[in-house]
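I have placed the structure first, in the form of structure tokens, so that the comments after it can refer back to it.
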Amino acid sequence: MAKIGLMGGTFDPIHNGHMALAGQALTEFGLDRILFIPNYCPWMKSGRRIADADDRIDMVRAAIQDEPRYDISYIEIEAKGNSYTCNTVLQLKKEHPENSYFFILGADSLFTIEQWFNPEIIFQNVTILAAVRDDCDLEALKVQKEHLTDKYHGEILLMHMQRIEISSTYIRDHFYTSENVSKMLPAPVYQIIKERQLYRDR
Ligand code: ATP
Ligand code: MG
């Protein structure tokens, strides 16, 4: 039996906030591996343009290449259409019922998870690991954790990490205009964006 962390996201692009989140989950909860699962087309974001799946995949692969405990899963990309975490979780459990799964997310996701498709299935099958983000501090996270635990009876554990002020949105909007963006990205990801001229048209 292995303890597997799941990091779902658009990764448009993957950045150091994602990497820090994964690293903290790995050490704080003694996970064996982390699976990065890029969405094909998350329905919550269907209103805006998203970089090609191939570019997002290449960036994830570049970011995780030196960490043998990190892996990429194409489960949502291959499924095409809208990506639903509940389906991903059920498929992983079916393939490997012996594993225990931990879904890693930032505070913003813990506050929207009730609007996801079948949240009860997610809570029944994984432990949620949640981290502070933006203006949501540990106190606000605890209140939301209580609310969700009462409603879904799942297990939510709060991660003990500092807030990391990085988002893909900021990177997409400022890649060509702000020097501090290079510090927010793993070096090979920065290179890919530059070489392929991604996010040029924003
Ligand atoms: P976007 O700005 O396009 O929404 P993002 O930076 O939020 O991008 P996502 O791919 O949407 O990145 O996020 C995937 C997961 O990683 C989400 O659960 C999100 O909460 C979490 N996450 C991303 N960045 C951070 C961060 N800086 N701190 C904590 N959690 C984060
Ligand atoms: Mg996001």
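The values are calculated or read from the model by the stated rules, or taken from the named source; none is laboratory data. Every value quoted in this text rests on a predicted model; they were computed, and no experiment measured them. Every residue, glycine among them, receives a Cβ derived from its backbone with ideal geometry; neighbour counts consider all protein chains shown. Just the protein is used for accessible areas: all its heavy atoms, side chains included, with ligands, DNA and RNA removed. Shrake-Rupley method; radii C 1.70, N 1.55, O 1.52, S 1.80 Å.
Selection among ASN87, PRO97, LEU110 by position relative to the dipole of the stretch 84-138 gives PRO97 as farthest towards the positive end (Cβ unit charges, Cα centre). Between the Cα long axis of helix 85-95 and the first principal axis of the chain there is an angle of about 70°, rounded to the nearest 10. Once Rg and the Kirkwood radius are both taken over the C-alpha atoms of the chain, their ratio Rg/Rh works out to 0.94.
Over the chain, with a Gaussian network built from C-alpha contacts below 10 Å, which listed residue (PRO186, PRO97, PRO13) shows the highest mean-square fluctuation? Residue with maximal mean-square fluctuation among PRO186, PRO97, PRO13: PRO97. The GluC sites (Glu not before Pro) of the stretch 129-185 meeting both criteria, a DSSP state outside H, G, I, E and B (loop) and at most 12 other C-beta atoms within 10 angstrom of the site's C-beta, are GLU165.
Cβ-Cβ distance of ASP66 and GLN162, R₀ of 22 Å, FRET efficiency by 1/(1 + (r/R0)^6): the value works out to about 0.45. Comparing ALA130, ALA107, ALA79 in a Gaussian network model of the chain (Cα springs below 10 Å), the most mobile by mean-square fluctuation is ALA79. For a straight C-alpha distance cut-off of 16 angstrom, the lysines reachable from LYS142 (same-chain residues fewer than eight places away being disregarded) are LYS151.
Compared with the dominant principal axis of the Cα atoms in the chain, helix 53-64 is inclined by about 80°. Solvent-accessible area of HIS160, all protein chains in place: 120 Å² (probe radius 1.4 Å, heavy atoms, ligands and nucleic acids excluded). Take every DSSP beta bridge whose two residues both sit in the stretch 98-156; close to 10 percent of them are antiparallel. Restricting the stretch 72-106 to GluC sites (Glu not before Pro) that sit in a DSSP loop and have at most 11 other Cβ atoms within 10 Å of their own Cβ leaves GLU98. Taken about its Cα centre, the stretch 100-146 carries a charge dipole of roughly 200 debye when the Cβ of each Lys and Arg holds +1 and the Cβ of each Asp and Glu holds -1. For LYS93, list the lysines whose Cα falls under 16 Å from its own Cα; do not include residues on the same chain fewer than 8 positions away. Excluding near neighbours in sequence, the set is LYS3.
Largest GNM mean-square fluctuation across SER178, SER167, SER83, computed for the chain with C-alpha springs under 10 Å, falls on SER178.
Principal axis extents of the C-alpha atoms in the stretch 42-130 (largest first, rounded to whole Å): 35, 33, 25.
Computed across the stretch 62-178, the Kirkwood hydrodynamic radius from all distinct Cα-Cα pairs reaches 16.1 Å.
Relative to the dominant Cα principal axis of the chain, helix 138-152 is inclined by about 50°. Projected over every direction and averaged, the convex hull enclosing the alpha-carbon atoms of the stretch 88-153 yields 4.4 nm².
Under the convention that each Lys and Arg Cβ holds +1 and each Asp and Glu Cβ holds -1, the size of the dipole of the chain around its Cα centre is about 300 debye. Considering only ILE121, GLY8, GLN162, the residue lying farthest towards the positive end of the dipole of the chain is GLY8, judged by Cα position with unit charges set on Cβ.
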